[in-house]
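The values are calculated or read from the model by the stated rules, or taken from the named source; none is laboratory data. Just so we're clear, the structure is a prediction, and the values are computed from it rather than from any experiment. Cβ placement follows ideal geometry from the backbone for every residue including glycine, while neighbour counts extend to all protein chains displayed.
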Amino acid sequence: MARPGLYWEVVAAYAAANPTQPFVAQFGANLEIQQVHVPDDQVRNFTDNDAIRVLIHNRIPPDWVDHAYMYGVVYLEQQFHQLTMSLDVFRDVDDERLQCLAVYGTLPAIPNWDGWREISEEDHYCLLFKRTDKM
């Protein structure tokens with residue numbers, strides 16, 4: 001989320017490396033997204049590349065990732081202000097983000113998705129029970 005344009009680059013590289021099976025983003029009313037399962041002892045080893053592989057495997061459209069950009073910026077700012085992130089790490093991530101913005105510009109949001117709402121109790125139980133059903 002901190003590197004605008006990265007997912008577009010990876011999708012283009014994937015398409016070049018897989019000309020017979022190019023990346024085709026999901027679209028339509030019903031999408032299927034497979035949840036990734038990472039053992040607790042491996043969470044710290046989950047990298048940006050692992051996350052990108054999950055996005056590509058699930059055929060997540062690049063504009064969805066672009067839309068999440070501002071969420072990522074707000075998250076990083078919250079981490080910075082709560083001092084849960086090393087100042088050096090934050091500076092490195094922010095410097096890289098600024099370099100990418102200079103190349104790609106500000107990423108557009110999806111207007112129909114713009115805005116924010118708190119998760120309702122009904123949403124929470126729906127997610128909880130769907131996850132429990134699959135376990």
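Just a few scattered comments:
- Against the numbered list (1) closer than 21 Å to ALA109 by Cα; (2) outside any loop (DSSP other than H, G, I, E, B); (3) not acidic (Asp, Glu), ASN49 comes up short only at (1).
- If you go through region 1-46 and keep only what is assigned to a helix (DSSP H, G or I), of a type in the set (Val, Ile, Thr) and either modelled with pLDDT under 90 or touching a Cys at 6+ places or on another chain (Cβ under 7 Å) (or both), you end up with just VAL43.
- Taken over region 25-45, the criterion of being within 15 Å of VAL65 (Cα to Cα) and either loosely packed, with under 13 Cβ neighbours inside 10 Å or over 16 Å from the mean Cα position of the chain (by Cα) (or both) is satisfied by PHE27, ILE33.
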